[in-house]
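Novice: Before I ask anything, let me first share the structure, which is written out below as structure tokens.
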Amino acid sequence: MTEEFKIAEHKFVPQHSKLSEDERTKLLEALNTTAIKLPNILLTDSAIKTLEPHVGDIIKIERVSPTTGNTIFYRRVING
């Protein structure tokens with residue numbers, strides 16, 4: 001019997017989380033931008049599959065590095 005591989009738990013995959021509507025509004029206001037101007041992430045991306053994303057959602061990606069510390073990126077979910 002083979003065990004299912006959980007990509008989100010792999011040590012090289014940064015933490016991904018889906019923003020709530022309130023968090024989304026606050027982020028876009030703070031950045032003074034619109035969601036369409038954010039970089040994209042595909043709906044089919046394995047790292048976000050467990051988040052049950054929808055097109056248009058915003059994903060927060062938190063990367064931890066021993067040299068730069070914590071870095072946060074945001075991506076807009078697109079169909080693909």
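The values are calculated or read from the model by the stated rules, or taken from the named source; none is laboratory data. Here the structure is a predicted model, which is why all the values come from computation and not from measurement. Every residue, glycine as well, gets a Cβ built from its backbone with ideal geometry; the counts of neighbours run over all protein chains shown.
Novice: Using beta carbons and a limit of 7 Å, which pairs, at least six apart or on different chains, have the first residue in the stretch 25-40 and of a type outside the set (A, V, I, L, M) and the second one surrounded by 12 or more Cβ atoms within 10 Å (Cβ to Cβ)?
Specialist: Thr34/Leu28; Pro39/Arg75; Asn40/Arg75; Asn40/Arg76; Asn40/Ile78
Novice: A further question follows. Say whether the condition of being on the phi < 0 side of the Ramachandran plot, part of a helix (DSSP H, G or I) and modelled with pLDDT of 90 or more is met by at least one residue in the stretch 51-62. Give the derivation first.
Specialist: Initially, the stretch 51-62 is screened for residues on the phi < 0 side of the Ramachandran plot, giving 51, 53-55, 57-62.
Filter once more, so that each one left must be part of a helix (DSSP H, G or I): 51.
Cutting the leftovers down to modelled with pLDDT of 90 or more gives us 51.
Yes, the stretch 51-62 contains a residue that is on the phi < 0 side of the Ramachandran plot, part of a helix (DSSP H, G or I) and modelled with pLDDT of 90 or more.
Novice: Starting from residues that are assigned to a loop (DSSP other than H, G, I, E, B) and within 14 Å of the chain's Cα centre (by Cα), keep the ones in the stretch 25-50 and report whichever is farthest from Phe12 (Cα to Cα). Break it down stepwise before answering.
Specialist: Keep residues of the stretch 25-50 that are assigned to a loop (DSSP other than H, G, I, E, B), which gives 32-34, 38-39, 43-45.
Retained after the next criterion (residues that are within 14 Å of the chain's Cα centre (by Cα)): 38-39, 43-45.
Values: Leu38: 23, Pro39: 21, Leu43: 20, Thr44: 19, Asp45: 15 Å.
Ranking the qualifying residues of the stretch 25-50, first place goes to Leu38.
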